[in-house]
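Right, one structure below, let's go through it.
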Amino acid sequence: MMKNLRKRGLINPIKNFIKSGKPFLGICLGLQALFEESEESPGIKGLSIFKGNVVKFRKGKVPQIGWNRLIFKNNGIFKNDYMYFVNSYHVVPEDCSIIAAMTDYDGNFASAIESSKVTAMQFHPEKSGKAGIELLRRWLKC
């Protein structure tokens, strides 16, 4: 993904959009790209909006596919709902204060972040039925 964004000249426009303070929503890879680097593509830099990296699950069936529960950590748009995941990797933010929701998959991992006008999630709200649609509606109201 990062190679394609770079090839198409989209790295700086995305970074500038985020820096502008306009609302940004990242889903799945859109969350992972916000960090510095990923075990999935060693040597390829992410957008580095946030410090931290993306690591592969060390336990459990990989990829994680199916429904899993969010455990929200703040009063943002996230609730303790079940969402649909398809992922082999998860983010490990250096600054834990940006973690908006956690999920347990053979251990807790950050499944959503919120910081200023940036919201991003590892799961797929568009595939998560009513709970996902309601989450997207809450985000649109912010």
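Report, in deg cm²/dmol and to the nearest 500, the calculated mean residue ellipticity at 222 nm for the chain, where each DSSP H run with n ≥ 4 adds -39500 (n - 2.57) and the sum is divided by the residue count.
-6000 deg cm²/dmol
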* Arrange the peptides 11-21, 96-106 so that the one whose residues have, on average, the most other Cβ atoms within 10 Å appears first. => 96-106, 11-21
* Asked: Hey, quick one: spin label on Leu25, modelled 7 Å out along Cα-Cβ, who in region 64-98 has an amide N within reach, i.e. under 13 Å?
  -> 77-78
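In terms of the Cα gyration tensor, with a ≥ b ≥ c the square roots of its eigenvalues, is region 1-104 rounded because a/c is under 1.5, prolate because a/b exceeds b/c, or oblate? Could you put the intermediate results ahead of the total?
On the way: a/c = 1.92, a/b = 1.28, b/c = 1.49.
Taking the square roots of the gyration eigenvalues as a ≥ b ≥ c, region 1-104 is oblate.
Can you give the extra length, in nm with one decimal, that the chain gains between Lys15 and Val86 once fully stretched, where that is 0.36 nm per residue apart less the Cα-Cα distance?
23.0 nm
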* To do: Just report the Cα centroid separation between region 1-38 and region 76-142, whole Å.
  => 17
* Structure fact -> Note on region 85-142: alpha-carbon gyration tensor, axes a ≥ b ≥ c; rule is a/c under 1.5 for rounded, else prolate if a/b larger than b/c, else oblate; result oblate
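Can you tell me the length gained on complete extension of the stretch Arg137 to Arg6, counting 0.36 nm per residue apart and subtracting the Cα distance?
Details: separation 131, 0.36 × 131 = 47.16 nm, distance 3.10 nm.
Net length gain for the segment: 44.1 nm.
Shape call for region 43-142 from the C-alpha gyration tensor, a ≥ b ≥ c root eigenvalues: rounded (a/c under 1.5), prolate (a/b greater than b/c) or oblate?
Oblate shape, in that a/c is at least 1.5 and b/c is the bigger or equal ratio.
No value in this document is a laboratory result; all are computed from the given coordinates. Owing to the predicted nature of the structure, the values given are computational and were not obtained by experimental measurement. Ideal geometry is used to build each Cβ from the backbone, glycine not excepted, and the neighbour counts take in all protein chains shown.
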